[in-house]
Amino acid sequence: MKKKLAFLTVLMFGLSLGLMACVTTSVKPTTENLKNPVITLESMEVPQYDGYWYYSKGTKTVKGDPDDRGAFMPMSFLFNVHNPNPYPILLEGIQFTVSFDEDFDVVTFNNQDSYWIPAGKTSHVRTTTLITVRSALLSLLVTGGFTLKEKGWTSWDTLERWWKGVPDLTVPVKVKEGAFNFIAGDIERVVVFEGLVK
């Protein structure tokens, strides 16, 4: 019995030394050894679709107040974030712009949520944003008017095509001007990203 107890004590002591050696020899983040995380856009979906519609202030409503209102379109983006480093990193903040037909910016997304990405692993990060026919119309008229004219498109035909084509991915959707903010130890790094929904 005493031999077993002595053996277990020696074994526990040896394991403790081994674990302490692992902890003391672990790699610490430095500007020289920090590798940029690899970001890919895995998918985009419209999680709820209520069709295409718009009514103006002059429309008589069954319920509610008349105003300039249009259909909602939520968009959910799933990113893969791979950490090639031998230590965990913190993703703290994502910003990007969504464009349709590659030329028309419709919304800028900004999120300050935090996600730990384990060492050598890939994590899935989902973000969801929302546009309305009204907000897209204002964007088209203010910033996209000249591009619409060059293409020979009307704003209303374009909006209808987007609302019917984005959910089934027949309209090109692009994530651009992406900035993913990472922290490792005392080091902060922004990784830029751009991707086309396929």
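Where a number appears in this text, it was derived from the coordinates with a stated rule and is not lab data. None of these values were measured; they are calculated from a predicted model. Reconstructed Cβ throughout: ideal geometry from the backbone, glycine too, with neighbour counts over all protein chains shown.
Go through T132, T31, T97 and say which Cα lies farthest out towards the positive end of the charge dipole of the stretch 27-196; charges sit on Cβ, +1 for Lys and Arg, -1 for Asp and Glu.
It is T132.
What fraction, in whole percent, of alpha-carbon pairs in the stretch 146-198 exceed 19 Å separation?
Working: 744 of 1378 pairs.
Looking at the stretch 146-198, the distances longer than 19 Å represent 54 percent of pairs.
Can you tell me the FRET efficiency between S135 and K198 if r is taken as the Cβ-Cβ distance and R0 is 25 Å, rounded to the nearest 0.05? Please report the intermediate quantities before stating the final value.
Details: r = 25 Å, r/R0 = 1.01.
My answer for the efficiency is 0.50.
I need the fraction of alpha carbon pairs in the chain separated by more than 25 Å, rounded to a whole percent. Don't skip to the answer; put the middle values down first.
Details: 10539 of 19503 pairs.
So the portion of pairs separated by more than 25 Å is 54 percent.
Dipole size in debye (nearest 20) for the chain around its Cα centre, Lys and Arg Cβ +1, Asp and Glu Cβ -1? Don't jump to the answer; show the numbers that get you there.
Working: 20 positive and 21 negative charges, 209 e Å.
In total the dipole reaches around 1000 debye.
Could you sort out which of K63/K198; K60/K149; K35/K198; K149/K176; K121/K164 sit more than 30 Å apart by Cα distance in this structure?
Details: K63/K198 39 Å; K60/K149 32 Å; K35/K198 27 Å; K149/K176 23 Å; K121/K164 37 Å.
Exceeds cut-off: K63/K198; K60/K149; K121/K164.
Taking the Cβ of each residue in V133, V27 as the centre, tally the other Cβ atoms inside 10 Å and list the residues starting with the fewest. Walk me through the numbers before you get to the answer.
Values: V133 22, V27 10.
Ordered by Cβ neighbours within 10 Å, fewest first: V27, V133.
Taking K and R as +1 and D and E as -1, what net charge do the other residues with C-beta under 11 Å from the C-beta of T147 add up to? Provide the component values of the computation, followed by the final result.
On the way: positive: K149, K151; negative: D101, E102, D103, D105, E150.
Neighbourhood net charge equals -3.
Can you give the FRET efficiency to the nearest 0.05 for S56 and N181, using r as the Cβ-Cβ distance and R₀ = 45 Å?
Values: r = 41 Å, r/R0 = 0.90.
That pair, S56 with N181, gives E of 0.65.
For the stretch 98-130 and the stretch 137-164, what is the separation of their C-alpha centers, rounded to whole Å?
So the separation of the two Cα centres works out to 25 Å.
Once whole DSSP H runs in the chain are found, which of them have Cα atoms spread over 20 Å or more along the helix axis and a mean Kyte-Doolittle score of at least 0.5? Please report the intermediate quantities before stating the final value.
On the way: long enough: 2-24 (33 Å, 1.39).
Flagged H segments are 2-24.
Please arrange V62, V173 by how many other C-beta atoms lie within 10 Å of their C-beta, fewest to most. Mind showing how you got there, number by number?
Numbers: V62 4, V173 23.
By the 10 Å Cβ count, ascending: V62, V173.
Stretched out fully, how many nm does the piece from T122 to L78 gain, at 0.36 nm a residue minus the Cα gap? Spell out each step's value before the answer.
On the way: separation 44, 0.36 × 44 = 15.84 nm, distance 1.25 nm.
In short, 14.6 nm is gained.
Compute the label zone of L90 within the stretch 161-198: residues whose backbone N is under 20 Å from the point 7 Å along Cα-to-Cβ.
179-192
I need the Debye-formula profile for the stretch 24-88: one equal scatterer per C-alpha, no solvent, reported as log10 I(q)/I(0) at q = 0.19 1/Å, two decimals.
Scattering profile of the stretch 24-88, log10 relative to I(0): -0.86.
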